[in-house]
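First up is the structure itself, then whatever we jot down about it.
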Amino acid sequence: MSSPIPLLRKVDCIEFFVPDLEAGIAFYCAQLGQELKWRSKTAAGLGLPDSDAEIVLQTERHGLNVDLMVELGGNCVEA
């Protein structure tokens, strides 16, 4: 019996709420050494040097969110 192709492929990004985007960017870049990749009015993407995944700092939704890449064509559901 063959195994199905895994639906979950990799981590795309990890989102963190920050109350102040400028302060969050300053901390993650200056103190933790992350590189700023992109930014908008309410969010910023920071690179992870050994991965194409990103840390996303955002000011709109409290809490932690993890986005996963999935296999196209699989039976995807939104939780």
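The values are calculated or read from the model by the stated rules, or taken from the named source; none is laboratory data. Every value quoted in this text rests on a predicted model; they were computed, and no experiment measured them. Neighbour counts are summed over all protein chains in view; Cβ atoms, including those assigned to glycine, are modelled from backbone coordinates with ideal geometry.
When residues of the range 26-51 are filtered for being in contact with an Asp or Glu (Cβ under 8 Å, 6 or more places away or on another chain) and either surrounded by fewer than 11 Cβ atoms within 10 Å (Cβ to Cβ) or more than 20 Å from Val11 (Cα to Cα) (or both), how many remain? First the steps, then the outcome.
Residues of the range 26-51 that are in contact with an Asp or Glu (Cβ under 8 Å, 6 or more places away or on another chain), as a first pass: 29, 37, 42-43, 45-49.
Restricting the remaining residues to those that are either surrounded by fewer than 11 Cβ atoms within 10 Å (Cβ to Cβ) or more than 20 Å from Val11 (Cα to Cα) (or both) gives 29, 42, 49.
Residues that pass the stated criteria total 3.
In the range 47-75, the residues that are of a type in the set (Ser, Thr, Tyr) form Cβ pairs under 9 Å with partners that are at pLDDT below 95, at six or more places apart or across chains, as follows: Ser51/Lys10; Ser51/Val11.
Criterion applied to Ile55, Ile25 was being assigned to a strand (DSSP E or B), modelled with pLDDT of 95 or more and of a type outside the set (Ser, Thr, Tyr), and the one residue passing it is Ile55. Pro6 meets all of the listed conditions (1) assigned to a loop (DSSP other than H, G, I, E, B); (2) touching a strand residue (DSSP E or B) at 6+ places or on another chain (Cβ under 7 Å) but one, namely (2).
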